[in-house]
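Colleague: Could you have a look at this structure, given as structure tokens, before my questions?
The values are calculated or read from the model by the stated rules, or taken from the named source; none is laboratory data. Here the structure is a predicted model, which means the values were calculated and not measured. Note that we place each Cβ from the backbone using ideal geometry, even for glycine, and neighbour counts take in every protein chain shown. What goes into the accessible areas is simple: the full protein's heavy atoms, side chains included, and nothing from ligands, DNA or RNA. Shrake-Rupley method; radii C 1.70, N 1.55, O 1.52, S 1.80 Å.
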Amino acid sequence: MKKLSIVVLISGRGSNLKAIIDVANPLVNISAVISNRPEAAGLIYADEAGISTEVLDHKDFATRLEFDSALQECVDKYDPQLVVLAGFMRILSQGFVRHYKGRLINIHPSLLPKFKGLDTHKRAIEAGEKEHGLSVHFVTEELDAGEVILQARVPILADDTEESLAARVLQQEHKIYPEAIQLFAESGFRPDRFLKPVRSDN
Ligand code: GAR
């Protein structure tokens, strides 16, 4: 079977990227890792694995549209079938999102549609939620609103802090993101086949 070619976009720590690399899925080839921050720690995981890296510093561009257009050109050089946002902390413009329609996915640390945006762990605790989790979803023009592909749930414990809850969720992220990419590969790269009823893990 032909391997699924993916490009992973990161901004920082890169622990989800590391999880995707470590799973070493035989159906998946990571063609490149691109960061919008030169100091992103996650770039080291790509280097260590011999994966091409690119840095496109958003601060070098006058506008979001100019950055997004350069980013699109950079991604397209690798001709990926799937673009994977793994802690990529920039909002992407409409044109970019449309260009990758059906092949642009993100991992978000909440049970969407709850807690879109930032500070999700803190907000979940403050809201008195009993459970929290993560969602892998398609990226659409509306922030964190695209169709959910997979979710995993974790409990919120009475003595949880933002940090302890984030760590519990992150552990699940590292399992679920590689799994979602594998689903895409197994679907023959067809988003319509990829989308099946959302499964929630415990
Ligand atoms: C992850 O928890 C991911 O869910 C979150 O950033 C972290 C990146 O960690 N993403 C978002 O909040 C996107 N809105 P990592 O760099 O170690 O993978």
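Colleague: State, to one decimal in nm, how far the label point of SER187 lies from the label point of LYS101, with both points 7 Å from Cα in the Cβ direction.
Modeller: For SER187 paired with LYS101, the spin-label model returns 1.6 nm.
Colleague: What nm distance separates the two modelled labels at ARG13 and GLN94, each placed 7 Å from Cα along Cα→Cβ?
Modeller: 3.5 nm
Colleague: For the chain, what is the calculated [θ] at 222 nm in deg cm²/dmol (nearest 500), taking -39500 (n - 2.57) for each run of four or more DSSP H residues and dividing by its residue count?
Modeller: Details: 7 runs with 70 residues, N = 202.
That calculation yields -10000 deg cm²/dmol at 222 nm.
Colleague: Can you figure out the FRET efficiency of LYS175 with GLU39, using R₀ = 41 Å and their beta-carbon distance, to the nearest 0.05? Spell out each step's value before the answer.
Modeller: Values: r = 28 Å, r/R0 = 0.67.
The calculated FRET efficiency here is 0.90.
Colleague: Separate question: I need the Debye-formula profile for the range 79-121: one equal scatterer per C-alpha, no solvent, reported as log10 I(q)/I(0) at q = 0.22, 0.23, 0.28, 0.33 1/Å, two decimals.
Modeller: -0.85, -0.91, -1.12, -1.23
Colleague: Just add up the charged neighbours of GLU48: K/R +1, D/E -1, any other residue whose Cβ is under 14 Å from the Cβ of GLU48. Provide the component values of the computation, followed by the final result.
Modeller: Details: positive: LYS18; negative: ASP22, ASP47.
Computed value for this residue: -1.
Colleague: Rounded to the nearest 0.05, what FRET efficiency is calculated for HIS58 and LYS2 with R0 set to 41 Å and r the Cβ-Cβ distance?
Modeller: Values: r = 33 Å, r/R0 = 0.81.
FRET efficiency, HIS58 to LYS2: 0.80.
Colleague: For the range 94-154, with only Lys/Arg (+1) and Asp/Glu (-1) charged at the beta-carbon, what is the dipole magnitude about the Cα centre, in debye rounded to 20? Write out the running numbers ahead of the final one.
Modeller: Details: 9 positive and 8 negative charges, 26 e Å.
Dipole of the range 94-154, to the nearest 20 debye: 120 debye.
Colleague: Could you work out, for the chain, what percent of all Cα-Cα pairs fall into each 5 Å distance bin, beginning at 0 Å and stopping at the bin that holds the largest distance?
Modeller: In whole percents, the pair-distance histogram is 1, 8, 16, 20, 21, 17, 11, 5, 2, 0.
Colleague: Which three semi-axes in whole Å describe the equivalent ellipsoid of the range 69-145, each the square root of 5 times a Cα gyration tensor eigenvalue, listed largest first? Spell out each step's value before the answer.
Modeller: On the way: eigenvalues 156, 24, 20 Å².
Square roots of five times the eigenvalues give 28, 11, 10 Å.
Colleague: At 1.4 Å probe size, with no ligands or nucleic acids counted, give the accessible surface of ARG103 in Å², nearest ten.
Modeller: Roughly 60 Å² of ARG103 is accessible to a 1.4 Å probe.
Colleague: Quick one: which of LYS101/LYS130; LYS77/LYS114; LYS2/LYS77 span more than 28 angstrom between C-alpha atoms?
Modeller: Numbers: LYS101/LYS130 34 Å; LYS77/LYS114 35 Å; LYS2/LYS77 19 Å.
Violating the 28 Å limit, Cα to Cα: LYS101/LYS130; LYS77/LYS114.
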